[in-house]
Amino acid sequence: MSKQFTLPEELVFLGLDKKIHRFKLDYQSHKELYSVGAVFIELLLREVINIGQDGKVHLVQADPTGISYLDQVIEVLSDSSKDRSLKKWILSFYYSKRNVRKKVHQSILESLCEQDVVTQEKDTFLFIIPKHKYVAAKQEQDRIIQRIRAELLEEGPVDEQTVALSFLLKETKMLKEYFSNYEHEQLIKRLEELKVKHESLQWVKWIEKAIDEINLAIAAAGAAAATS
């Protein structure tokens, strides 16, 4: 039976293939921030949060989901005394909520390990310093890629999570690593088409808006790190 992953799990899972360096981000903190961003989009898809006309994130449902990394972010939102934009929330996970950011990312990895699609192996850094690396099951990675191919490169209905994942893969420069040049071009065109031509798919627009906010926050965090 095929596995059912959340959006954060799929993003982190596809970024684990270090052989071809698929998660092309400069800093570990940026990987973690995209993981947190994917959690926000997952909560958006589940209607746990919404983004109001004022551009701020509003917590709609504070009950625990039973999924550790989702509940960690829900708890942060629930404990906050004021609403913020998604960009400001992501920046807060870069600065004041750094420990939560790391725990969220680690919880996603642990969930993948519990589902037996990722294994943890001993490794070394610079051939000296002991560390652990995570290895993804290629068969399950391929299944996710085939779903993107079937929904976005062929005629038929598209799933919200598939579209959100494709946008995230595009922004993290992983999309072109999993598809041929031709397929990559067609996927980009398809995503643009979904944004522009399909008014019934309003959720595509707010997924993209959310990802734009995440990118702005990560760019700001990167600029701060470069000048510090």
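Given the criteria farther than 16 Å from Y34 by Cβ, aliphatic (A, V, I, L, M), out of contact with any Leu (no Cβ under 9 Å at 6 or more places or on another chain) and modelled with pLDDT under 90, does V196 qualify? Can you show your working first?
Numbers: farther than 16 Å from Y34 by Cβ: yes; aliphatic (A, V, I, L, M): yes; out of contact with any Leu (no Cβ under 9 Å at 6 or more places or on another chain): yes; modelled with pLDDT under 90: yes.
Spelling it out, V196 is indeed farther than 16 Å from Y34 by Cβ, aliphatic (A, V, I, L, M), out of contact with any Leu (no Cβ under 9 Å at 6 or more places or on another chain) and modelled with pLDDT under 90.
So is E47 closer than 24 Å to D159 by Cα, over 16 Å from the mean Cα position of the chain (by Cα), at pLDDT 90 or above and surrounded by fewer than 23 Cβ atoms within 10 Å (Cβ to Cβ) or not? Spell out how you get there, then give the answer.
Numbers: closer than 24 Å to D159 by Cα: yes; over 16 Å from the mean Cα position of the chain (by Cα): yes; at pLDDT 90 or above: yes; surrounded by fewer than 23 Cβ atoms within 10 Å (Cβ to Cβ): yes.
Yes.
Can you find even one residue in segment 52-62 that is of a type in the set (G, A, S) and either in contact (Cβ under 8 Å) with a residue 40 or more places away in the chain or closer than 17 Å to K209 by Cβ (or both)?
Step one: list which residues in segment 52-62 are of a type in the set (G, A, S), which gives 52, 55, 62.
Now restrict to residues that are either in contact (Cβ under 8 Å) with a residue 40 or more places away in the chain or closer than 17 Å to K209 by Cβ (or both): 52, 55.
Taking every residue of segment 52-62 in turn, at least one turns out to be of a type in the set (G, A, S) and either in contact (Cβ under 8 Å) with a residue 40 or more places away in the chain or closer than 17 Å to K209 by Cβ (or both).
Looking at Y95, Y69, which is the one that is surrounded by fewer than 20 Cβ atoms within 10 Å (Cβ to Cβ), aromatic (F, W, Y) and on the phi < 0 side of the Ramachandran plot? Reasoning before the result, please.
Numbers: Y69 fails: surrounded by fewer than 20 Cβ atoms within 10 Å (Cβ to Cβ).
Step by step, each of Y95, Y69 is checked, and only Y95 is surrounded by fewer than 20 Cβ atoms within 10 Å (Cβ to Cβ), aromatic (F, W, Y) and on the phi < 0 side of the Ramachandran plot.
Can you find even one residue in segment 145-159 that is at pLDDT below 95, closer than 30 Å to Q53 by Cβ and of a type in the set (V, I, T)?
Yes, segment 145-159 contains a residue that is at pLDDT below 95, closer than 30 Å to Q53 by Cβ and of a type in the set (V, I, T).
What are the residue pairs meeting all of these: first residue in segment 134-149, first residue closer than 14 Å to Q120 by Cα and crowded, with 16+ Cβ neighbours inside 10 Å, second residue aromatic (F, W, Y) and modelled with pLDDT of 95 or more, Cβ atoms under 8 Å, and 6 or more apart or on different chains?
These pairs meet every condition: A136/F13.
Can you find, within segment 72-92, the residue that is surrounded by the fewest Cβ atoms within 10 Å (Cβ to Cβ) among those that are part of a loop (DSSP other than H, G, I, E, B) and not charged (D, E, K, R)?
By that ranking, first place goes to S81.
In the set E177, E110, E185, which member is over 29 Å from K56 (Cα atoms), in contact with a helix residue (DSSP H, G or I) (Cβ under 7 Å, 6 or more places away or on another chain) and part of a helix (DSSP H, G or I)? Give the steps one after another, and end with the answer.
Numbers: E110 fails: in contact with a helix residue (DSSP H, G or I) (Cβ under 7 Å, 6 or more places away or on another chain); E185 fails: in contact with a helix residue (DSSP H, G or I) (Cβ under 7 Å, 6 or more places away or on another chain).
So the residue among E177, E110, E185 that is over 29 Å from K56 (Cα atoms), in contact with a helix residue (DSSP H, G or I) (Cβ under 7 Å, 6 or more places away or on another chain) and part of a helix (DSSP H, G or I) is E177.
With (1) more than 26 Å from C113 (Cβ to Cβ); (2) under 20 Å from the mean Cα position of the chain (by Cα) as the list, and I144 as the residue in question, which single condition is left unmet?
Failed condition: (1).
The values are calculated or read from the model by the stated rules, or taken from the named source; none is laboratory data. What you are looking at is a predicted structure, and each value in this text was computed from that prediction instead of being measured. All Cβ positions, glycine included, derive from the backbone under ideal geometry; neighbour counts span all protein chains shown.
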